[in-house]
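The values are calculated or read from the model by the stated rules, or taken from the named source; none is laboratory data. These figures come from a predicted structure and were not determined experimentally. Positions of Cβ are generated from backbone atoms using ideal geometry, with glycine treated the same way; all protein chains shown enter the neighbour counts. What goes into the accessible areas is simple: the full protein's heavy atoms, side chains included, and nothing from ligands, DNA or RNA. Shrake-Rupley method; radii C 1.70, N 1.55, O 1.52, S 1.80 Å.
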Amino acid sequence: GKKLGYTINHGNLHNISLGQGQEVVAERALDVAAEEGHWVILQNIHLVARWLSCLEKKLEQHSESSHRDFRVFVSAEPAPSPESHIIPQGILENSIKVTSEAPTGIHANLHKALDNFSQDTLEMCSQEKEFRSLLFALCYFHAVVAERRKFGAQGWNRPYPFSTGDLTISVSVLHNYLEASSKVPYDDLRYLVGEIMYGGHITDDWDRRLCRTYLEEFIKPEMLEGELCLAPGFPLPGNMDYNGYHQYIDDALPAESPHLYGLPPSAEIGFLTQRSERLLRTLLELQPRDGSAGEGGVGTRQETVQALLEEMLEKLTEEFNMAELMARVEERTPYAVVALQECERMNGLTAEIRRSLTELELGLKGELTMTSDMESLQNSLFLDTVPESWVRRSYPSTASLGSWFADLLARINELEAWTRDFSFPSTLWLGGFFNPQSILTAIMQTTARKNKWPLDRMTLQCDVTKKSREDFASAPREGAYVHGLFLEGARWDAQAGILADAGLKELTPAMPVVFIKAIPGDKQDTRGTYPCPLYRTRQRGPTYVWTFNLKTKENPSKWVLAGVALLLQV
């Protein structure tokens with residue numbers, strides 16, 4: 001616009017941010033601009049969905065008879081889902097579409113972060129050496145936190161909209177603090193950047209810990225002594241000019257790998273596998289819904305669903321008789337209460353499975369009219385996904401329908417074995433519970449009652465044994481042996497009894513049996529341990545269960561950056 005003489009000051013450029021009643025202003029500006037040959041910029045059109053049909057008519061009307069220099073530019077944020085695609089087809093067809101794609105890879109992100117500044121920026125602070133080192137460290141920090149999103153839940157529990165604005169404001173704060181102080185206020189800078197500028201986006205406590213740990217590694221006194229490596233093989237550069245920093249990135253930054261983010265090499269395999277699965281799942285959903293499966297196929301869609309439906313109904317066991325179970329309980333201990341609650345939840349799920357499958361079977365035979373719910377269930381069975389009505393009564397899981405149903409039958413078997421005489425299992429399958437927190441709380445309640453300790457001051461201690469499930473014949477006197485845990489981001493060295501680096505193809509190595517017991521909080525020794533979050537699935541985030549301290553000889557910050565977590569199912 002400036003090059004061609006179109007500016008707001010000249011009155012021939014109308015820049016309008018839509019929303020809050022600006023639609024009338026926009027319509028007037030379009031009329032004037034079409035007649036006079038002005039430019040109109042309409043920002044955030046995704047905020048005015050109802051007005052877009054008016055905009056489409058207005059543009060169509062002006063396209064026939066308007067000044068030849070008349071131009072309209074519109075901007076909108078990407079739609080989060082297909083349902084949010086609201087821009088009319090007419091506008092899309094008649095416009096030149098430009099998208100702003102974020103750069104991929106740490107190399108491109110670091111160059112882009114540095115592009116927000118210039119040689120003048122590097123020279124504007126009186127403490128030039130300190131300012132330049134800190135600015136480069138902040139650029140690397142920004143590139144890492146922005147690109148770490150691609151690793152999914154192992155990168156960040158939840159995706160965050162970190163922007164270049166966060167970086168430029170952080171650098172302004174850095175400049176102001178260095179101008180006002182003769183010493184570098186490392187603690188203040190880490191707090192402002194990690195808890196306010198970037199931390200303002202973060203809603204998950206474990207993500208906040210990750211952001212804080214990055215800054216503790218990147219912004220510290222060693223950075224000015226030439227002893228700081230931002231990543232393996234990539235030391236913080238010394239005092240250079242602006243072009244020198246760009247050249248240093250090209251020359252010194254190692255090739256793209258999870259190591260640049262502090263993640264293990266297996267993290268890349270994990271995220272590429274998930275991306276491939278999403279692509280294949282989409283292709284599967286695109287295949288025709290009717291007709292036979294084609295030459296060499298296994299019959300029609302209906303036959304496939306019918307066979308699967310009959311097999312599931314046959315394998316599904318009867319519901320638990322709650323009246324009989326309650327009569328069998330001699331004492332309603334915390335453990336017995338948990339077992340009864342789990343049986344009730346399981347009954348709710350299996351009853352819905354049996355009801356919906358029986359209903360669909362009648363629909364396929366023509367004895368009932370097919371409803372939208374029945375068609376949805378049929379689609380899920382055919383595509384090997386867990387039906388929505390089952391998910392609502394179920395537990396978090398990322399498994400396909402076949403694996404999910406096998407897992408359901410295993411959970412029922414565990415409950416049946418436990419409720420036979422309500423004797424506590426020799427080892428607990430923590431992942432087999434609808435509510436794993438309930439059994440962990442029951443361990444604390446039982447120990448607190450036995451020793452007359454206050455429950456609100458209790459905590460759980462986690463000791464990793466060297467044994468597997470088969471090596472235990474009876475439950476411990478206090479606490480519980482737990483099997484079926486997996487570790488992501490690291491592996492457990494059973495001989496040394498500490499966390500160790502995971503091998504290249506070790507995505508989620510299994511843990512040995514873990515002994516969990518309740519102790520008073522003031523007796524817990526956290527020295528030489530990494531506070532490791534336990535999640536129910538690899539989606540992490542809302543599936544958080546508990547925190548267990550795992551022994552480590554390395555600095556715990558290493559495992560924080562590696563996204564190390566315990567999982568109940570993989």
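Below, the figures for the structure above:
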{"read-out": "Answer residue from region 472-518, given it is under 30 Å from GLN445 (Cβ atoms) and among the hydroxyl-bearing types (Ser, Thr, Tyr) and is surrounded by the most Cβ atoms within 10 Å (Cβ to Cβ) among those", "value": "TYR481"}
{"read-out": "Filter result for GLY5 (at positive phi and within 42 Å of the chain's Cα centre (by Cα))", "value": "no"}
{"read-out": "Flag if PHE382 is over 30 Å from LEU309 (Cβ atoms), modelled with pLDDT under 90 and touching a helix residue (DSSP H, G or I) at 6+ places or on another chain (Cβ under 9 Å)", "value": "no"}
{"read-out": "Some residue of region 13-35 being more than 39 Å from the chain's Cα centre (by Cα), at pLDDT below 90, in a loop (DSSP other than H, G, I, E, B) and over 29 Å from GLU101 (Cα atoms)", "value": "no"}
{"read-out": "Meets criteria (in contact with a helix residue (DSSP H, G or I) (Cβ under 8 Å, 6 or more places away or on another chain), small (Gly, Ala, Ser) and surrounded by fewer than 20 Cβ atoms within 10 Å (Cβ to Cβ)) for GLY521", "value": "yes"}
{"read-out": "Criterion violated by ALA108 - all others in (1) more than 37 Å from the chain's Cα centre (by Cα); (2) assigned to a helix (DSSP H, G or I) satisfied", "value": "(1)"}
{"read-out": "ASN435 being at pLDDT 90 or above, more than 24 Å from GLN287 (Cα to Cα) and not assigned by the TED database to the domain that holds ALA307", "value": "yes"}
{"read-out": "Region 176-211, residues that are touching a helix residue (DSSP H, G or I) at 6+ places or on another chain (Cβ under 7 Å) and in contact (Cβ under 8 Å) with a residue 40 or more places away in the chain", "value": "LEU178, VAL184, LEU189, VAL193, TYR198, ILE202, ASP204, ARG209, LEU210, CYS211"}
{"read-out": "Residue list for region 136-152, filter: touching a residue at least 24 places away in the same chain (Cβ under 8 Å) and within 22 Å of GLN274 (Cβ to Cβ)", "value": "VAL144, VAL145, ALA146, GLU147, ARG148, LYS150, PHE151, GLY152"}
{"read-out": "Restricting region 447-466 to residues that are assigned to a helix (DSSP H, G or I) and touching a strand residue (DSSP E or B) at 6+ places or on another chain (Cβ under 8 Å), the residue that is surrounded by the fewest Cβ atoms within 10 Å (Cβ to Cβ)", "value": "ARG457"}
{"read-out": "Counted residues, region 184-226 - those being at pLDDT below 90 and open to solvent by 80 Å² or more (accessible area, probe 1.4 Å)", "value": "1"}
{"read-out": "Pairs with Cβ under 8 Å, 6+ apart, first in region 383-411 and within 18 Å of GLU277 (Cβ to Cβ) and in contact (Cβ under 8 Å) with a residue 12 or more places away in the chain, second open to solvent by less than 30 Å² (accessible area, probe 1.4 Å) and of a type in the set (A, V, I, L, M, F, W, C)", "value": "ASP384/LEU401; THR385/LEU401; VAL386/LEU401; VAL386/TRP404; SER397/TRP404; LEU401/LEU381"}
